[in-house]
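Chemist: Please read through the structure below; I'll follow up with questions.
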Amino acid sequence: MGLPPQLTPEQRQEALLKAAISRKRRAEVKFKIKNGEFSIDTVLEIAKTEDAVAKMRVKELLESLSGVGKVRAQSLMERLNISPTRRIQGLGRLQIKQLREEFMKSEHAIKPGKLLVLSGPGGVGKSTVAKKLREAGDFWVSVSATTRSPRNNEIDGKDYFFVSDDEFTRMINADEFLEWAEFAGNRYGTPQEKVEQALLLGRNVLLEIEIAGAKQVKAHLPQSVLVFLEPPTWEELVARLEGRGTDSPERRAERLKLAQEELVAASYFDVVLINDQVESVVRRLIELAHN
Ligand code: 5GP
């Protein structure tokens, strides 16, 4: 074992002060857990950005929860394979998920939000509906990753996370997607972690994705509500797709062919809405989330 680093008196003073501030912060967080102001979810969220909280021992976190004494904390940690000295920052993804699920069952739970999946043929107007819903503030709208190049007016991180083919493959292999699919020569996927977090924090979540992806979401999360948006008429859809000046003629023809195939999928969905008026579709979706 190497010797401890030699600190100057100033450095030592600084380190002690830092440690004292961290301890004070942890004590404050524990106090808030005890009096019910912070749930386990809140603490796990804070730990993502605050080092002092990330260094809190899981044992201390659990024992601070009202109704969870030393015995329950210990048996829970044994069951979830969490070592007695483990700190929040050392928890694995599965352990975090299991801890959250454990406390969702109890009185500490926040009611999780609803997951609505909006799908339908390309050009039907899904993104306009999603934009309105985001503005209305009723939904947290997921931002997908895609290998497609940005269109003129699109902003990275807002419309999509524009990623390279290699990065997309890395994300698949790291199990970062709730679902992903190939569409018209590009890949699109929903980042999983942010969706789960938003739902656990009680937000209603909207995914605006194509049909194969929607089916995958239903398979993973059967409680999700799949909404299929239909055009008022086929002619209207053709007009919309042809009006999209951003696509090449080949790409437009490809999209029309895809749209024809996609329309058949409506029967698989929980709800079918006709997009004759954006406002009424938005209203219906808000109603569905509050049902
Ligand atoms: P666009 O290239 O026109 O933005 O999108 C093409 C299609 O991909 C649309 O039907 C859109 O809903 C869908 N899409 C966007 N994001 C995702 C995603 O994360 N997953 C899946 N499966 N489809 C997506």
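The values are calculated or read from the model by the stated rules, or taken from the named source; none is laboratory data. Only a predicted model underlies this, so the values are computations on that prediction, with no experimental measurement involved. As a convention, Cβ positions derive from the backbone with ideal geometry for all residues, glycine included, and neighbour counts pool all protein chains shown. To get the accessible areas, we keep the full protein, side chains included, count just its heavy atoms, and leave off ligands, DNA and RNA. Shrake-Rupley method; radii C 1.70, N 1.55, O 1.52, S 1.80 Å.
Chemist: On alpha-carbon atoms, Rg over Rh for region 94-182 using Kirkwood Rh?
Modeler: That ratio is 1.03, to two decimals.
Chemist: Give me the accessible area of Phe161, 1.4 Å probe, in Å² rounded to the nearest 10.
Modeler: For Phe161, the solvent-accessible surface is approximately 70 Å².
Chemist: How much accessible area per residue does the chain have, in Å², with a 1.4 Å probe?
Modeler: Normalised by residue count, the accessible surface of the chain is 56 Å².
Chemist: Cα centroids of region 1-64 and region 243-291: how far apart, whole angstrom?
Modeler: 49
Chemist: Separate question: Which one of Trp140, Trp234, Trp180 has the biggest mean-square fluctuation once the chain is modelled by GNM with Cα springs under 10 Å?
Modeler: In this elastic network of the chain, the residue with the biggest mean-square fluctuation among Trp140, Trp234, Trp180 is Trp234.
Chemist: For region 238-287, which whole percent of the accessible surface, found with a 1.4 angstrom probe, sits on carbon and sulfur atoms? Kindly include the intermediate steps, with their values, before the conclusion.
Modeler: On the way: 1600 of 3050 Å².
Here carbon and sulfur together make up 53 percent of the probe-accessible area.
Chemist: Cβ under 14 Å from Phe31's Cβ, Phe31 left aside: what net charge do those residues give with Lys, Arg +1 and Asp, Glu -1?
Modeler: Within the 14 Å Cβ shell, the charges total +3.
Chemist: Counting pairs of alpha carbon atoms under 8 Å apart in space and at least six apart in sequence, what relative contact order in percent does the chain give? Provide the component values of the computation, followed by the final result.
Modeler: Values: 373 pairs, mean separation 53.9, N = 291.
So the answer I get is 19 percent.
Chemist: Additional query: Just to make sure I understand: if all protein chains stay in place, what is the order of Lys111, Lys126 by accessible area at 1.4 Å, largest first?
Modeler: So the residues, ranked largest to smallest area, are Lys111, Lys126.
Chemist: Taking 8 Å as the Cα distance limit and 6 or more residues as the minimum spacing, I'd like the relative contact order of region 1-87 as a percentage.
Modeler: Averaging sequence separation for qualifying contacts and normalising by length gives 25 percent for region 1-87.
Chemist: Measure nothing fancy, just the Cα-based angle from helix 70-79's long axis to the longest principal axis of the chain, in degrees from 0 to 90, nearest 10.
Modeler: 50
Chemist: How big is the antiparallel share of DSSP beta bridges in the chain, given as a percent to the nearest 5?
Modeler: That works out to approximately 35 percent antiparallel.
Chemist: Could you check which residue among Asn186, Asn153, Asn35 shows the biggest mean-square fluctuation in a GNM of the chain with a 10 Å Cα cutoff?
Modeler: Largest GNM mean-square fluctuation: Asn153.
Chemist: How many angstrom lie between the Cα centre of region 141-160 and the Cα centre of region 162-205?
Modeler: First find each Cα centre; the distance between them is then 12 Å.
Chemist: Net charge within 12 Å of Pro121 by Cβ-Cβ distance, Lys/Arg positive one each and Asp/Glu negative one each, not counting Pro121 itself?
Modeler: For residues surrounding Pro121, the net value is -1.
Chemist: Computing the accessible area with a 1.4 Å probe over protein heavy atoms, can you report the carbon and sulfur percentage for region 9-108?
Modeler: So the carbon and sulfur contribution to the accessible surface is 54 percent.
Chemist: Here's a follow-up. Just the ratio, please: alpha-carbon radius of gyration of region 1-51 over 2.2 N^0.38 Å, N its number of residues.
Modeler: Taking the Cα Rg and dividing by 2.2 N^0.38 Å, one obtains 1.57.
Chemist: Quick check on region 9-108: what does the Kirkwood estimate of hydrodynamic radius come out to from the alpha carbon pairs, in Å?
Modeler: Radius from the Kirkwood sum: 14.1 Å.
Chemist: Equivalent ellipsoid semi-axes for the chain, as square roots of 5 times the alpha carbon gyration tensor eigenvalues: give them largest first, rounded to whole Å.
Modeler: In descending order the semi-axes read 45, 23, 17 Å.
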